[in-house]
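Student: To start, I am sharing the structure in question, which I have written as structure tokens.
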Amino acid sequence: MMACAIVSTISSASAKQPSLASTPPMGWNSWNHFADKVSDSVIRAQADAMVSSGMRDAGYIYINIDDTWQGVRDGQGVIHPNAKFPDMKALAAYVHGKGLKLGIYSSPGAKTCAGFEGSYGHEEQDAKTYADWGVDYLKYDLCSFHDEVMAKAKTKQQRHRLMIDAYARMYRALRDTGRPIVYSLCQYGVDAVWNWGASVGGNLWRTTADISDNYDSMAMNGFGEAAIARYAGPGHWNDPDMLEIGNGGMSAAEYQTHMSLWALLAAPLLAGNDLATMTAQTIALLANREVIAIDQDSAGNQGTRVWMQGTNEIWAKKLADGSRAVGFFNRSGEMPDANLEIKLSDLKLTATVRARNVWTGSDLGKLHGKIQIAVPPHGVVLLKVTPSAAD
Ligand code: GLA
């Protein structure tokens with residue numbers, strides 16, 4: 001009986017064509033900057049700024065409300081937003097009117113991580129409510145389901161089964177609404193979620209603990225993804241967590257590392273700053289078209305580490321046109337610059353290539369045999385390397 005149930009979950013989910021999240025989702029999420037201060041007016045202001053900053057046109061489409069929007073359930077069990085969100089349907093219409101999509105947040109537990117109402121026992125009802133409001137994306141965060149439900153099971157296998165069933169249940173509920181809703185699993189990467197996230201309909205799954213706005217946290221999440229590259233692909237992505245760019249805790253070089261690494265990882269790009277007050281420098285980091293094109297490449301490969309020595313690392317990602325995005329990272333925070341070198345054969349490239357620095361927009365011309373690059377402390381040089389016709 002159990003085996004049949006597992007198979008039916010897997011086949012119904014994997015039969016889904018990746019019309020949703022065929023490239024890593026791009027947008028914005030309220031948590032990193034606003035946390036419990038998110039409100040209807042904050043969301044409207046972010047939607048406005050997404051358009052006026054040019055970020056929508058660079059590909060950032062989802063405006064995602066994270067935790068703390070929830071009010072109470074009515075006598076029929078229908079969830080209502082709290083006073084910060086007077087009319088969710090009207091808010092969705094406003095966001096849609098800007099050519100954007102709206103995301104929301106819940107938990108399979110009775111309570112969310114911030115202690116608000118979760119979806120436990122109301123999954124189908126909540127999915128219908130979200131669809132009725134016009135929601136296009138759900139982040140489903142394990143939270144109290146772990147301590148209140150899973151913890152009561154006797155074995156690790158039973159706990160795992162409960163978690164998988166909870167995620168599959170909400171997937172089916174979303175699917176049955178008939179509305180395309182991107183499904184984002186958030187359980188912090190435990191139980192090797194990359195092995196089963198797609199089988200419960202996940203379009204993306206968090207692979208890490210929560211990111212913070214500092215280099216060490218960002219580096220731990222991003223550089224920690226090397227071993228799981230093969231699990232990402234069109235419709236289902238590893239998620240090393242939302243961006244911190246523009247929140248003020250890192251230097252420009254560190255934020256450039258953050259953005260470059262996420263692009264090489266084919267990670268979801270969910271800005272986590274205040275779009276309404278961001279600087280031109282932050283827009284330049286978030287909206288560089290060539291960097292975004294690496295993230296959004298149609299082949300859907302997740303890049304991985306190809307060389308490492310001490311605090312120096314080189315990561316590469318094969319792009320649909322046969323070229324490689326190559327990131328040269330210096331993870332040391334100390335001067336001087338690091339000198340990194342890689343043989344083109346180690347990138348499985350021909351002996352002669354053309355290279356372009358995508359952040360500076362400068363063409364490095366033809367290179368033979370190897371690439372040598374100087375990288376500043378905590379910095380990156382991100383190249384697009386293309387096989388040369390006249391090898
Ligand atoms: C967890 C998640 C975060 C955020 C908060 C909200 O910690 O990992 O991304 O959603 O909950 O409470």
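Student: Select from region 22-58 the residues that are in a helix (DSSP H, G or I), within 16 Å of the ligand (Cβ to nearest atom) and open to solvent by 10 Å² or more (accessible area, probe 1.4 Å) and list them in ascending order.
Tutor: Correct list: 31, 32, 33, 34, 35, 36, 37, 42.
Student: Condition (residue is under 23 Å from residue 22 (Cβ atoms) and either aromatic (Phe, Trp, Tyr) or touching a Cys at 6+ places or on another chain (Cβ under 7 Å) (or both)) applied to region 221-235: is it met by at least one residue?
Tutor: Scanning region 221-235, I find at least one residue that is under 23 Å from residue 22 (Cβ atoms) and either aromatic (Phe, Trp, Tyr) or touching a Cys at 6+ places or on another chain (Cβ under 7 Å) (or both), so the answer is yes.
Student: In this structure, does residue 316 turn out to be crowded, with 19+ Cβ neighbours inside 10 Å and over 23 Å from residue 295 (Cβ atoms)?
Tutor: So residue 316 does not fit the description; no.
Student: From the list 147, 132, which residue is open to solvent by 50 Å² or more (accessible area, probe 1.4 Å), among the acidic types (Asp, Glu) and within 16 Å of the ligand (Cβ to nearest atom)?
Tutor: 147
Student: Just checking, how many residues over region 204-237 are within 15 Å of the ligand (Cβ to nearest atom), of a type outside the set (A, V, I, L, M) and not in a loop (DSSP other than H, G, I, E, B)?
Tutor: 4
Student: Among the listed residues 174, 162, identify the single one that is closer than 22 Å to residue 236 by Cα and open to solvent by less than 10 Å² (accessible area, probe 1.4 Å).
Tutor: After ruling out the rest, the residue left standing is 174.
Student: While we're on this one: All but one of (1) over 21 Å from residue 229 (Cα atoms); (2) surrounded by fewer than 20 Cβ atoms within 10 Å (Cβ to Cβ); (3) out of contact with any Lys or Arg (no Cβ under 6 Å at 6 or more places or on another chain) hold for residue 343; which doesn't?
Tutor: (3)
Student: Filter region 107-129 down to the residues that are touching a Phe, Trp or Tyr at 6+ places or on another chain (Cβ under 6 Å) and open to solvent by less than 10 Å² (accessible area, probe 1.4 Å), then identify the one that is farthest from the ligand (Cβ to nearest atom).
Tutor: 108
Student: Give the residue, chosen from 382, 344, that is touching a residue at least 60 places away in the same chain (Cβ under 8 Å) and of a type outside the set (Val, Ile, Thr).
Tutor: One residue alone meets the criteria, 382.
Student: Test of understanding: among 83, 151, 93, which residue is more than 24 Å from the chain's Cα centre (by Cα), over 25 Å from residue 207 (Cα atoms) and not in a loop (DSSP other than H, G, I, E, B)?
Tutor: So the residue among 83, 151, 93 that is more than 24 Å from the chain's Cα centre (by Cα), over 25 Å from residue 207 (Cα atoms) and not in a loop (DSSP other than H, G, I, E, B) is 93.
Matching residues to (1) assigned to a loop (DSSP other than H, G, I, E, B); (2) touching a His at 6+ places or on another chain (Cβ under 6 Å); (3) under 20 Å from residue 198 (Cα atoms); (4) free of Cβ contacts under 8 Å to residues at least 24 places away in the same chain:
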| site | (1), (2), (3), (4) |
| --- | --- |
| 103 | no, no, yes, no |
| 121 | yes, no, no, yes |
| 125 | no, no, no, no |
| 135 | yes, no, no, no |
| 157 | no, no, yes, yes |
| 178 | yes, no, yes, no |
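Student: Is region 296-309 home to any residue that is in contact (Cβ under 8 Å) with a residue 24 or more places away in the chain and within 15 Å of residue 253 (Cβ to Cβ)?
Tutor: There is no residue in region 296-309 that is in contact (Cβ under 8 Å) with a residue 24 or more places away in the chain and within 15 Å of residue 253 (Cβ to Cβ).
Student: Looking at region 369-389, which of its residues are open to solvent by 20 Å² or more (accessible area, probe 1.4 Å) and either small (Gly, Ala, Ser) or modelled with pLDDT under 95 (or both)?
Tutor: 369, 374, 387, 389
Student: Now a separate question. For residue 75, work out the one condition from (1) surrounded by 24 or more Cβ atoms within 10 Å (Cβ to Cβ); (2) not in a helix (DSSP H, G or I) it doesn't fulfil.
Tutor: Residue 75 satisfies all of (1) surrounded by 24 or more Cβ atoms within 10 Å (Cβ to Cβ); (2) not in a helix (DSSP H, G or I) except (1).
Student: Would it be correct to say that residue 201 is modelled with pLDDT of 95 or more, more than 16 Å from the ligand (Cβ to nearest atom) and within 18 Å of the chain's Cα centre (by Cα)?
Tutor: yes
Student: Any residue at all in region 246-256 that's within 16 Å of the ligand (Cβ to nearest atom) and modelled with pLDDT of 95 or more?
Tutor: yes
Student: Quick test of your reading of the structure: residue 82 fulfils all but one of (1) in contact with a strand residue (DSSP E or B) (Cβ under 7 Å, 6 or more places away or on another chain); (2) more than 25 Å from residue 286 (Cα to Cα); (3) in contact (Cβ under 8 Å) with a residue 40 or more places away in the chain. Name the failing condition by number.
Tutor: In the conditions (1) in contact with a strand residue (DSSP E or B) (Cβ under 7 Å, 6 or more places away or on another chain); (2) more than 25 Å from residue 286 (Cα to Cα); (3) in contact (Cβ under 8 Å) with a residue 40 or more places away in the chain, residue 82 misses (3) alone.
Student: Oh, and also: Within the group 275, 269, which residue is crowded, with 23+ Cβ neighbours inside 10 Å and within 15 Å of the chain's Cα centre (by Cα)?
Tutor: That would be 269, the only listed residue that is crowded, with 23+ Cβ neighbours inside 10 Å and within 15 Å of the chain's Cα centre (by Cα).
The values are calculated or read from the model by the stated rules, or taken from the named source; none is laboratory data. What you see is a predicted model; the values in this text were computed from it and never measured. All Cβ positions, glycine included, derive from the backbone under ideal geometry; neighbour counts span all protein chains shown. Note: areas computed on protein heavy atoms with side chains; ligands, DNA, RNA excluded. Shrake-Rupley method; radii C 1.70, N 1.55, O 1.52, S 1.80 Å.
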